[in-house]
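Enquirer: Next up is a structure, given as structure tokens.
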Amino acid sequence: MAPLLVFTGSTSPTTRERMPRGEAVHYQERAIELGVPASAVMVEPRARNTGENIRFSRALLNEAGITVSTILLISKPYEERRSYATARKLWPEVGIVSASGPMTLRDYVDSIGDVRLVIDMLVGALQRLLVYPEQGFMISQPVPADVLDAYGRLSEGGYASRLLRDSEGKPLKPTV
């Protein structure tokens, strides 16, 4: 299905303890353990956000002289839209498919071990879908009204630890 895998990412607040050498390195090791030939894997270990994941991976492939026509982005289920929108903005000339492994919300909460943190992450991820297009980081995508309503209720209800903030410390407000 994919002749080459590129694992990208440093650590994040939710992976730092479990993957101290960086997400990309740990994923590479696991892929090789599962039988993927090391020659079919590249690692980009510096990216700290989705934009860097795309930019740094693109540069890595370019430096290796690898021509890319289609990319398959694999991420957490709630990050699929953001990954797609970011890649579409930063790498518009390639075909893009965004996917994730099947996972229920309960399974994700159990894997993180903190329901409040997961809700904060979901609210923060949605905020980014709303404000990043204005900042030029990704393409704009429609968001249903009921999702916007839920976002407003959750962010105003205190699920705000992962929200982007302005210079005064106030959560960035999307213009929708």
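Enquirer: Take T175 and V94, extend 7 Å from each Cα along the Cα→Cβ direction, and tell me the distance between the two endpoints in nm.
Expert: Here the modelled spin labels are 3.2 nm apart.
Enquirer: Gain in length, Y108 to E156, computed as 0.36 nm per residue apart minus the alpha-carbon separation, to one decimal in nm? It would help to have the intermediate numbers written out before the result.
Expert: On the way: separation 48, 0.36 × 48 = 17.28 nm, distance 2.34 nm.
That pair, Y108 and E156, stretches by 14.9 nm at full extension.
Enquirer: Please find, in a Gaussian network model of the chain (springs between Cα atoms separated by less than 10 Å), the residue of G158, G136, G95 whose mean-square fluctuation is greatest.
Expert: G158
Enquirer: Right, here's the next one. Tell me, in nm to one decimal, what length is gained between L60 and V36 on full extension, where the rule is 0.36 nm per residue of separation less the Cα-Cα distance?
Expert: Value of the extension gain: 6.7 nm.
Enquirer: What residue among V131, V123, V41 has the largest mean-square fluctuation in a Gaussian network model of the chain, using Cα springs under 10 Å?
Expert: Among V131, V123, V41, the largest GNM mean-square fluctuation belongs to V41.
Enquirer: Give me a comma-separated list of calculated 3J(HN,Hα) values for segment 137-151, in order, Karplus coefficients 6.51, -1.76, 1.60 applied at θ = phi - 60°, integers in Hz, x for any Gly or Pro.
Expert: In residue order, the calculated couplings are 8, 7, 6, 7, 9, x, 10, x, 4, 5, 5, 4, 4, 5, 4 Hz.
Enquirer: Where does the Debye-calculated log10 I(q)/I(0) of segment 102-165 sit at q = 0.16, 0.17, 0.19 Å⁻¹, using only Cα point scatterers of equal weight, no solvent?
Expert: So the normalised log intensities work out to -0.58, -0.65, -0.79.
Enquirer: Relative to the compact-globule scaling 2.2 N^0.38 Å, provide the ratio for the alpha-carbon radius of gyration of the chain.
Expert: Cα-based Rg divided by the globular estimate yields 1.08.
Enquirer: What is the distance, in nm, between label points placed 7 Å from the Cα along the Cα-to-Cβ direction at A2 and at L148?
Expert: 3.4 nm
The numbers here are math on the coordinates, done by the rules we state, and not lab data. If you're wondering where the values come from, they're calculated on a predicted model, not measured in any experiment. Counting neighbours? That spans all protein chains shown, and the Cβs are built from the backbone with ideal geometry, glycine included.
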